[in-house]
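Comments concern the structure below.
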Amino acid sequence: MSVDFNDYSRKMDKTLSVLSDNFDAVRAGRANAKVLDRITVEYYGSETPLAGVATISSPDARTLVIQPWDTKLLKDIQKAIQISDLGINPQNDGRVIRLVFPQLTEERRKELAKQVKKYAEEAKVAMRNIRREGMDFVKALKKKSEITEDEQKKAEKDLQDLLDKYIKKVDDALAAKEKELMAI
């Protein structure tokens, strides 16, 4: 009997996807609507993603314009952006909200690099936990005598190889994001 690792592989893919979303939310000096994905506004009694209540456009490389479908939401959107960790002060002209992204300072670039390293480390920890879950499953199979010791060793090696492959993907994504952040 061989052990099926598709489930663990899917979980690691999901972890990579979450990491990618986290990286996308870190702004690199250019206006990117993805930085607003985590911002929600109360709309008719429920928390609604910003993209669900407004049109977001980018007229140039450093500006995002948020045009709510209901102008009564302007103040709520402005407040939600101010309390977020975006670090940008929204400008409200009564019809739209403008977010002007400043050039990143060297210090801010280093802060963002630390943040993306933290995200990468969290992803690696999650993947190691997935591997541990797989190892525990394999040990349980061996304990119940459903697999031989050789099959257990092979399964554990396969799990480690799977982890190594995904850790490399995390490292590659981190290197690319750091390069993007440090580019002037």
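Give the number of residues within region 143-176 that are in a loop (DSSP other than H, G, I, E, B) and β-branched (Val, Ile, Thr). Residues meeting the conditions: 2. If you go through region 87-122 and keep only what is within 15 Å of Val18 (Cα to Cα) and open to solvent by 10 Å² or more (accessible area, probe 1.4 Å), you end up with Gln115, Lys117, Lys118, Tyr119, Glu121, Glu122. Just to be sure before I move on: is Leu163 out of contact with any Asp or Glu (no Cβ under 6 Å at 6 or more places or on another chain) and buried (at least 18 other Cβ atoms within 10 Å of the Cβ) in the structure I sent? Here the answer is yes, as Leu163 does meet what is asked.
Residue pairs whose Cβ atoms lie under 7 Å apart, sitting 6 or more positions apart in sequence or on different chains, and linking a residue in region 91-107 that is closer than 12 Å to Ile77 by Cβ to a partner that is open to solvent by 80 Å² or more (accessible area, probe 1.4 Å) and modelled with pLDDT under 80, do not occur here. Taking the listed residues Leu86, Leu104, the one that is modelled with pLDDT under 85, of a type outside the set (Lys, Arg) and within 18 Å of the chain's Cα centre (by Cα) is Leu86, with no other qualifying.
The values are calculated or read from the model by the stated rules, or taken from the named source; none is laboratory data. Note that the structure is predicted; figures quoted are calculated from it, not measured. FYI the Cβ positions are ideal-geometry reconstructions off the backbone, even for glycines, and counts take in every protein chain you see. Surface accessibility is based on the protein's heavy atoms, side chains included, excluding ligands, DNA and RNA. Shrake-Rupley method; radii C 1.70, N 1.55, O 1.52, S 1.80 Å.
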